[in-house]
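*Asks:* Once you've had a glance at the structure underneath, I'll fire off some questions.
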Amino acid sequence: MKYQGLFKKAEALYKADETKVSEHLAKKDKDVKYYTTMISQGTLSDKINALQLLVQKTPERSLHYLYKLRAEAKKKNRKQAEIAIKALKDLFINFLLKDGSKLSAFQHNPRIEGRDEPEIPNFDLIDAYFDHCIKELYRDFIMEALVPMSRDDLEYFRKLALEIMADLISAKPEIEEVILGLLINKLGDGSRKVQQHTIMVLCKLLKNHPVMAPVLTSETNALLSRPSLSTSQKYYSVLFLNKIAMLSGSHSEQTRIQLFRVYFMLFKQIM
């Protein structure tokens, strides 16, 4: 209850500040006037580009534009959604997510947690509210836009979703455990082309981030433990384990031990 009232106060402060910034830019910046016109009168591509550029103007006071982009990214028409998804990917990587740490939920934000309301300045409330909203928006983007795309009937969109998720996790640590699990699950895709593409994407990720080897091994082991896997799904899962061994096995004792245990488990299943 303590944080519920504080959250509503932060929300009101943020919205008032966001409106103030938007009105100021609309008066002073000719580009903003043009972008606003494109949102209402331009093509879909014009609209997405305008929204993206408006967010770039003031990333921390642009939630209303980001919510519009999210709505476009969740459209069932994949070709339309693709434009917004690519725009959001760029914004999350370059403007919204943190480099070396994860965003905090409002009640756990260090600006808020453990402090009484009179001690918290308005700018801390605004920043904590923004972090919370971006954290929720990003998770929703992954689960409600990229996950459905990764299950599309067309292989092109399934591959595209994989590439975008891998790019996101390669650049930022936010909800990395969730995204890694989603990527590993695509080793069990019904299409061999998508399974092969998944291995390629995961190998690229592993080359850029060798420290991910233990968790990738663990997630692949969890996939192999499922009782309903087809022969093809098992094959590509083991193939990726072999890639992990080649890329990281000689550098990580933890990974070598994990791989030995997984191979031993598979040997017992065969016997």
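*Asks:* Let me spell it out: the conditions are (1) modelled with pLDDT under 95; (2) in a helix (DSSP H, G or I); (3) not aromatic (F, W, Y), and I134 meets all of them except one. Which number is the exception?
*Replies:* That leaves (1) as the condition not met.
*Asks:* Continuing with the same structure: Show me the helices (runs of 4 or more DSSP H) found entirely inside the range 1-110 where at least 2 residues are over 19 Å from Y138 (Cβ atoms), of a type in the set (K, R) and free of Cβ contacts under 8 Å to residues at least 24 places away in the same chain.
*Replies:* Filter on the range 1-110 gives 2-28, 30-41.
*Asks:* Another question, then. Take the range 20-40 and flag every residue that is among the small types (G, A, S), within 30 Å of the chain's Cα centre (by Cα) and within 19 Å of E60 (Cβ to Cβ).
*Replies:* Here is the first cut: in the range 20-40, the residues among the small types (G, A, S) are 22, 26, 40.
From the residues that got through so far, the ones that are within 30 Å of the chain's Cα centre (by Cα) too are 22, 40.
Passing the criteria: only S22.
*Asks:* Does any residue of the range 238-260 turn out to be surrounded by fewer than 12 Cβ atoms within 10 Å (Cβ to Cβ), within 27 Å of Y156 (Cα to Cα) and of a type outside the set (A, V, I, L, M)?
*Replies:* No, the range 238-260 has no match at all.
*Asks:* Taking interchain pairs and intrachain pairs at least six residues apart, which have beta carbon atoms under 9 angstrom, with the first residue in the range 236-252 and among the charged types (D, E, K, R) and the second part of a helix (DSSP H, G or I)?
*Replies:* Going by the 9 Å Cβ cut-off, the qualifying pairs are K243/I199; K243/L202; K243/C203; K243/L206.
The values are calculated or read from the model by the stated rules, or taken from the named source; none is laboratory data. This is a predicted model, so every value here is computed, not measured. Glycine also receives a Cβ, built like all others from the backbone with ideal geometry; neighbour counts cover every protein chain displayed.
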